Amino acid sequence: MSKLIEQPRYSCALGVQQTVIAIQRAVPIVHAGPGCSTKIHGLLGQGEGYAGGSTIPCTNSSESEVVFGGEKKLRGVIDGAFKVIDADLFVVLTGCTSDIVGDDVGQVTREFQNLGKPIVFAETGGFKSNNYVSHDLIIKAIVEQYVDRYAPAKGEVIPGLVNVFASIPYQDPYWIGNLQEIKRLLTGIGLTPNILFGPESGGVEEWLTVPQAEFNIVVSAWPGLKSAKLLKRKYGTPFYHFPYLPVGGVETGRFLREVAAFGASLDREKAEKFIADEERKFYTHIERTADFMLEFRYGIPRVFYTILDATYAVGFSKYLLNELGIIPADVQYIVDDTPEQYREGIREQFRRISGRRSASVEFSVDGGEIQENIRKTSPKQRALILGSGWERDLAVDIGADLLPVSVPITYRLVLNCGYAGYNGGLRLIEDIYDRVLGTYR
């Protein structure tokens, strides 16, 4: 029996076009029907990158391509893209139509690869998975079809060089700010991070140094793990996994100290000095507002709900409870369609969210169902909802404060705001109080 799912929080597999856009001077070429790419941009949007949005080359497959095949048209679009777009890397992505018809996209792409063109392909028919899953698929395609072919020194390990797999571009609306903060912190303890995506990366040239990393870092509940395991198989690169977004003083310090212990080439004393200095600055800001927070303690939310992906839900819950004293509601919601093999580990994180508190977690992709559950158990205390633009009406109905963190991120413009690390923790406090104080007249 089919079920209607309301208010999606992620895209189909083709949404990985946004991952490509996030690589400096990389361009997706979409082999799909008209409208697919535009709808994805509408959901994940807020920025076109170098050649995203309405400028993405697309075959706009129609009935003719369904009947006779679309390989000829794809070949023409790729050829045209090379002629009119100045880019460092092209990535061919398939939609549902081409994958159902069975176009040999790999063969068409290899024709251009054999000519020395910087192009790779991945089968991303929307029905196959979602963009959380296909994010790793694109990394795999670039590594196997481009990096393996053009990397100048795959066998040489550069001490201190690390590849970072963290926020999924655009699926995480705050990806640029998060990656900037993570890069700042890792640089501070003595590492040289390949951040790979966004303005902090070195683009395709940075990707070519991926095999030379001393180790890899995954800052995520589960996206990125397949990529780290791939690089371990191919190049023998070990990886460190931190299973949620580190936010604020406690968890960011834990993250950096564990990374410092993992890296053999790091100067531990130098790393600890950086961490101590960052913690001093972070808690100076907290102490500076102590009187205000104490006097206003009855005006802030007393409980919170997360309607987020697993990476954000765990990271925010730990910070809000352990450093801000806001209590998690009995049930927290995770909306990223987490694969079954990772769910028990996430449940365990919520069971030991602090020494004295625990929370249950429900995995659901149905935003409407989640909202009805919250309405039925609406708390008596003032609540904070960490969700998306979809939760605006829910917040009004139960008198809660809403901080939009997940897509769709309507009602807010995001440039380089991020919630990771020390700076992200301070920004989160500012944003929560901004919404609370805005309700007072």
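The values are calculated or read from the model by the stated rules, or taken from the named source; none is laboratory data. Everything quoted here is computed from the prediction, not taken from an experiment. Counting neighbours? That spans all protein chains shown, and the Cβs are built from the backbone with ideal geometry, glycine included.
Quick one: residue 245 ticks every box in (1) modelled with pLDDT of 95 or more; (2) more than 16 Å from residue 419 (Cα to Cα); (3) not charged (D, E, K, R) except a single one, so which number is it?
(2)
What do you reckon, is residue 295 among the charged types (D, E, K, R) and touching a helix residue (DSSP H, G or I) at 6+ places or on another chain (Cβ under 8 Å)?
No.
For the range 42-50, indicate whether the set of residues that are of a type in the set (Ser, Thr, Tyr) and out of contact with any Lys or Arg (no Cβ under 8 Å at 6 or more places or on another chain) is non-empty.
For the range 42-50, residues of a type in the set (Ser, Thr, Tyr) and out of contact with any Lys or Arg (no Cβ under 8 Å at 6 or more places or on another chain): absent.
Can you list the strands (runs of 3 or more DSSP E) lying wholly within the range 153-245 that have 1 or more residues being without any contact (Cβ under 8 Å) to a residue 12 or more places away in the chain and polar (S, T, N, Q)?
By residue number, no strands (runs of 3 or more DSSP E) qualify.
Name the pairs whose Cβ atoms lie under 6 Å apart, with the first residue in the range 357-385 and over 16 Å from residue 9 (Cα atoms), the second charged (D, E, K, R), and 6 or more positions between them or separate chains?
From residues that are over 16 Å from residue 9 (Cα atoms), the pairs are 358/351; 361/347; 381/302; 382/302; 384/401.
Considering 291, 267, 330, which residue is surrounded by fewer than 16 Cβ atoms within 10 Å (Cβ to Cβ) and not assigned by TED's automatic domain parsing to the domain that holds residue 373?
Just a single option satisfies the conditions, and that option is 267.
Taking the range 323-365 only, how many residues are in a loop (DSSP other than H, G, I, E, B), of a type in the set (Asp, Glu) and either in contact with an Asp or Glu (Cβ under 6 Å, 6 or more places away or on another chain) or farther than 28 Å from residue 392 by Cβ (or both)?
Result for the range 323-365: 1.
Looking only at the range 404-419, filter to residues that are crowded, with 22+ Cβ neighbours inside 10 Å and not polar (S, T, N, Q); which one of those is nearest to residue 434 (Cα to Cα)?
Ranking the candidates gives 404 first.
Taking the range 172-193 as the region of interest, how many residues are surrounded by fewer than 20 Cβ atoms within 10 Å (Cβ to Cβ) and either closer than 16 Å to residue 419 by Cβ or within 20 Å of the chain's Cα centre (by Cα) (or both)?
1
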